[in-house]
Amino acid sequence: MTWILPPPPQPFLYVAGQPGLFAVRRIWCVGRNYAAHAREMGADPDREPPFFFAKPGDAIVPATPDGTVTVPYPPKTLNLHHEVELVVAIGKAGTNIAPADALSHVFGYAVGLDLTRRDLQAAAKKAAHPWEMAKGFDASAPCSALLPADQWPDTQARIELDVNSTRRQEGAIDDLIWPVADVIAHLSQFVALAAGDVIFTGTPEGVAALVPGDVAVASVTGLPELTVRFTAAEAE
Ligand code: MN
């Protein structure tokens with residue numbers, strides 16, 4: 001078999017402590033998975049269950065285990081928001097996965113930013129339009145290196161984001177409304193998960209605007225850190 005045009009580059013994530021790369025397939029995201037963030041977005045976390053949306057796989061921007069990634073400040077927004085999130089990388093396919101089996105489908109964990117053109121999202125919500133142009137734009141998913149699952153103890157992990165050395169977001173992974181196993185179980189009822197799917201699990205409160213030149217440092221206890229530098233779009 002031959003291709004008419006060369007196949008596109010394979011999106012990937014680095015893996016801490018080993019030279020092999022993790023091939024990224026699809027990016028799934030969970031909405032409103034921390035109660036305080038649901039409230040700051042005007043939703044009622046007791047009434048509205050979390051839900052899923054997606055970004056293209058090639059929206060991923062992979063950071064090396066100790067590296068800084070550069071992200072072009074995206075066009076068409078005056079209100080680019082950061083959302084720091086625990087990222088789960090699926091290593092084994094499954095559908096209708098039971099919550100008790102869900103963690104056996106995880107290859108590893110990372111920390112990422114679900115970058116959001118909040119002004120476009122607000123307009124889309126108001127018009128009952130889709131969110132893709134608010135959420136699925138180029139380079140909208142910078143992500144740290146993955147840590148293999150068996151190396152992450154996960155006990156009482158904190159999730160934090162600093163912008164220009166000032167704390168913006170802070171929370172506890174234990175405060176996820178749907179924990180990782182439940183996220184995988186529910187998502188696998190809607191789509192067939194497979195190796196390479198990555199899941200952004202939702203953001204704690206404190207989402208706010210980024211401007212060109214900002215430096216964001218995202219961390220989850222025990223996972224490789226993520227440093228993102230935002231340039232002006234025209235500089236790229
Ligand atoms: Mn998010």
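The values are calculated or read from the model by the stated rules, or taken from the named source; none is laboratory data. Here the structure is a predicted model, which means the values were calculated and not measured. In this analysis, Cβ positions are derived from the backbone assuming ideal geometry, glycine residues included, and neighbour counts consider all displayed protein chains. Quick note on the areas: whole protein, heavy atoms, side chains included, nothing else; ligands and nucleic acids left out. Shrake-Rupley method; radii C 1.70, N 1.55, O 1.52, S 1.80 Å.
Annotations for the structure displayed:
- Strands (runs of 3 or more DSSP E) fully within the range 1-50 that include at least 2 residues being away from the ligand (no atom under 16 Å from the Cβ) and crowded, with 17+ Cβ neighbours inside 10 Å: 12-14.
- Candidates Ala149, Ala139, Ala124 - the one that is closer than 20 Å to Glu83 by Cβ and touching a strand residue (DSSP E or B) at 6+ places or on another chain (Cβ under 6 Å): Ala139
- Residue match in the range 120-138 (condition: open to solvent by less than 40 Å² (accessible area, probe 1.4 Å), in contact with an Asp or Glu (Cβ under 9 Å, 6 or more places away or on another chain) and part of a loop (DSSP other than H, G, I, E, B)): no
- Residue check, Leu210 within 16 Å of the ligand (Cβ to nearest atom), in contact with a Phe, Trp or Tyr (Cβ under 7 Å, 6 or more places away or on another chain), open to solvent by less than 40 Å² (accessible area, probe 1.4 Å) and over 16 Å from Ala35 (Cα atoms): yes
- Among the residues listed as Leu147, Leu161, Leu223, the single one being assigned to a strand (DSSP E or B) and either under 20 Å from Phe12 (Cα atoms) or in contact with a Pro (Cβ under 6 Å, 6 or more places away or on another chain) (or both): Leu147
- Residue in the range 225-236 that is surrounded by 14 or more Cβ atoms within 10 Å (Cβ to Cβ) and within 14 Å of the ligand (Cβ to nearest atom) present: no
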